[in-house]
Amino acid sequence: MSTPVKVAVTGAAGQIGYSLLFRIASGELLGKDTPVELRLLEIAPALKTLEGVVMELDDCAFPTLAKVEIGDDPNVIFDGASVALLVGARPRSKGMERGDLLEANGAIFTAQGKALNDHAADDIRVTVTGNPANTNALIAMSNAPDIGSERFSALTRLDHNRAVAQLAAKVGAPVSEVTHMTIWGNHSATQYPDLFHARVGGRNAAEAVGDQAWIEDTFIPTVAKRGAAIIEARGSSSAASAASATIDHTRDWLRGSAQGDWVSMAVRSDGSYGVAEGLMSSFPVTTTAGGGHEIVQGLEIDDFSRGKIDASVAELSDERDAVTQLGLI
Ligand code: NAX
């Protein structure tokens with residue numbers, strides 16, 4: 001077998017980590033022939049829990065898992081990493097204002113951006129799952145000036161997968177028949193899941209649904225508020241589905257998206273579709289094996305979609321202004 005690929009995961013003792021680590025270790029991220037070294041970052045109080053998770057990883061005897069390192073110093077854990085999955089973040093606690101949340105996460109993502117800049121491998125790819133994911137990715141990217149901005153992304157694949165599942169259920173098709181789904185904008189309640197460019201069984205999805213009211217009043221809010229519905233039902237936030245989406249996102253980025261289709265990823269805007277340059281916004285994106293990505297060009301955006309995209313991008317712009325004022329970027 002070849003030299004192990006170093007995959008760093010932050011927040012490794014958390015809910016998402018508990019599902020994510022086992023899937024990476026079993027070869028679902030990089031393939032069954034690529035050995036993996038897991039490098040797991042946690043805050044000091046969570047290291048004991050993390051030791052227990054590592055015991056379970058050992059007990060799985062995964063042939064692809066070459067080594068596990070754990071610690072609370074990003075400068076050590078990110079050393080030589082080719083993939084960094086930034087899952088750990090500060091959750092919003094009671095009474096916390098949005099500015100406080102951005103500031104608390106800013107402290108985490110400035111330090112982690114700098115540590116990636118100084119210690120990651122040259123081929124590093126960074127996926128941010130921890131919320132507010134888009135702006136956390138913007139902060140990490142801005143604090144890593146020596147790493148190309150095309151190497152940073154934030155997760156909207158969970159929203160994408162949720163949109164695929166809702167559409168498939170509505171028209172009675174298997175999820176495998178849904179293609180060209182797009183989430184635009186922010187991973188938040190303002191996100192815009194777009195059925196006007198999606199296809200089901202090769203047919204335009206909006207036409208197949210044939211019900212604008214369902215799209216506006218049911219589909220979009222169901223996808224955008226799915227996280228809250230999971231919390232309501234399960235008593236805690238999405239974890240296995242978020243881990244699965246983190247794998248899908250990063251696997252497709254590293255190995256290439258399906259021929260003739262695209263995926264949703266939040267990447268640095270180059271000004272496409274009127275999204276202000278520099279914002280980390282979700283787009284339809286194609287990826288090529290080896291880790292390149294391109295924003296799909298030339299889609300026609302009608303007035304309805306324009307309004308939805310602009311509203312989500314306005315929120316991203318406000319978040320960027322807030323973290324600029326806090327001196328985080
Ligand atoms: P948990 O609270 O279970 O786990 C988070 C872990 O991060 C904790 O173990 C904590 O000790 C650790 N952590 C905190 N600060 C850290 C730091 N500076 N360095 C390293 N580790 C640190 O949350 P979990 O359910 O696993 O969710 C993790 C993040 O994903 C949250 O921010 C959550 O909001 C976000 N999500 C993002 C989604 C997306 O689609 N982008 C969906 C699912 C999820 O809500």
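The values are calculated or read from the model by the stated rules, or taken from the named source; none is laboratory data. Remember, predicted model here, so these are calculated numbers, not experimental data. Every residue, glycine as well, gets a Cβ built from its backbone with ideal geometry; the counts of neighbours run over all protein chains shown. Areas reflect the complete protein model, heavy atoms only, side chains present, ligands, DNA and RNA absent. Shrake-Rupley method; radii C 1.70, N 1.55, O 1.52, S 1.80 Å.
Of all residue pairs spaced 6 or more apart or on separate chains, those with beta-carbon atoms under 8 Å, a first member in the stretch 149-160 that is of a type in the set (Lys, Arg) and a second member that is open to solvent by less than 10 Å² (accessible area, probe 1.4 Å) and within 7 Å of the ligand (Cβ to nearest atom) are Arg157/Ala245. Under the condition of being buried (at least 24 other Cβ atoms within 10 Å of the Cβ) and polar (S, T, N, Q), which residue from the stretch 128-160 is nearest to the ligand (Cβ to nearest atom)? My answer is Thr129. Could you tell me whether the stretch 290-300 includes any residue that is more than 19 Å from Thr179 (Cα to Cα) and open to solvent by 70 Å² or more (accessible area, probe 1.4 Å)? Within the stretch 290-300, none of the residues are more than 19 Å from Thr179 (Cα to Cα) and open to solvent by 70 Å² or more (accessible area, probe 1.4 Å).
Filter the helices (runs of 4 or more DSSP H) completely within the stretch 185-238 down to those with at least 2 residues that are assigned by the TED database to the domain that holds Ser281 and open to solvent by 60 Å² or more (accessible area, probe 1.4 Å). Can you show your working first?
Numbers: elements: 205-209, 220-224, 226-234.
Passing ranges, in order: 226-234.
When you check Ala25 against the structure, is it among the hydrophobic types (A, V, I, L, M, F, W, C), surrounded by fewer than 14 Cβ atoms within 10 Å (Cβ to Cβ) and away from the ligand (no atom under 11 Å from the Cβ), yes or no? So Ala25 does not fit the description; no.
It is to be established whether one or more residues within the stretch 170-183 are surrounded by fewer than 20 Cβ atoms within 10 Å (Cβ to Cβ), farther than 21 Å from Val267 by Cβ and among the polar types (S, T, N, Q). Yes, because at least one residue in the stretch 170-183 is surrounded by fewer than 20 Cβ atoms within 10 Å (Cβ to Cβ), farther than 21 Å from Val267 by Cβ and among the polar types (S, T, N, Q). Within the stretch 29-56, residues that are open to solvent by less than 80 Å² (accessible area, probe 1.4 Å) reach partners that are away from the ligand (no atom under 16 Å from the Cβ) and charged (D, E, K, R) with beta carbons closer than 7 Å, at six or more positions or on different chains, in the pairs Glu37/Lys6; Glu37/Lys67; Arg39/Lys6.
Is it the case that Ala276 is closer than 13 Å to Gln191 by Cβ and out of contact with any Gly (no Cβ under 7 Å at 6 or more places or on another chain)? Explain how you work it out, then say what you get.
Working: closer than 13 Å to Gln191 by Cβ: no; out of contact with any Gly (no Cβ under 7 Å at 6 or more places or on another chain): yes.
Here the answer is no, as Ala276 does not meet what is asked.
In the condition set (1) of a type in the set (A, V, I, L, M); (2) more than 11 Å from the ligand (Cβ to nearest atom); (3) modelled with pLDDT of 95 or more, Met1 is compliant with all but (3). Within the stretch 105-125, residues that are open to solvent by 20 Å² or more (accessible area, probe 1.4 Å) reach partners that are within 11 Å of the ligand (Cβ to nearest atom) and part of a helix (DSSP H, G or I) with beta carbons closer than 7 Å, at six or more positions or on different chains, in the pairs Ala111/Pro74. Taken together, the criteria place Ser82 among residues that are of a type in the set (S, T, N, Q) and surrounded by 17 or more Cβ atoms within 10 Å (Cβ to Cβ). Screening Gly130 on (1) of a type outside the set (D, E, K, R); (2) touching a residue at least 24 places away in the same chain (Cβ under 8 Å); (3) farther than 18 Å from Leu20 by Cβ; (4) part of a loop (DSSP other than H, G, I, E, B) shows it passes everything except condition (3). Restricting to the stretch 243-272, and then to whatever is hydrophobic (A, V, I, L, M, F, W, C) and either farther than 23 Å from Thr34 by Cα or surrounded by fewer than 18 Cβ atoms within 10 Å (Cβ to Cβ) (or both), can you tell me which residue is nearest to the ligand (Cβ to nearest atom)? This residue is Ala266. Of note, Ala89 does not satisfy the criterion of being away from the ligand (no atom under 12 Å from the Cβ), modelled with pLDDT of 95 or more and open to solvent by 30 Å² or more (accessible area, probe 1.4 Å).
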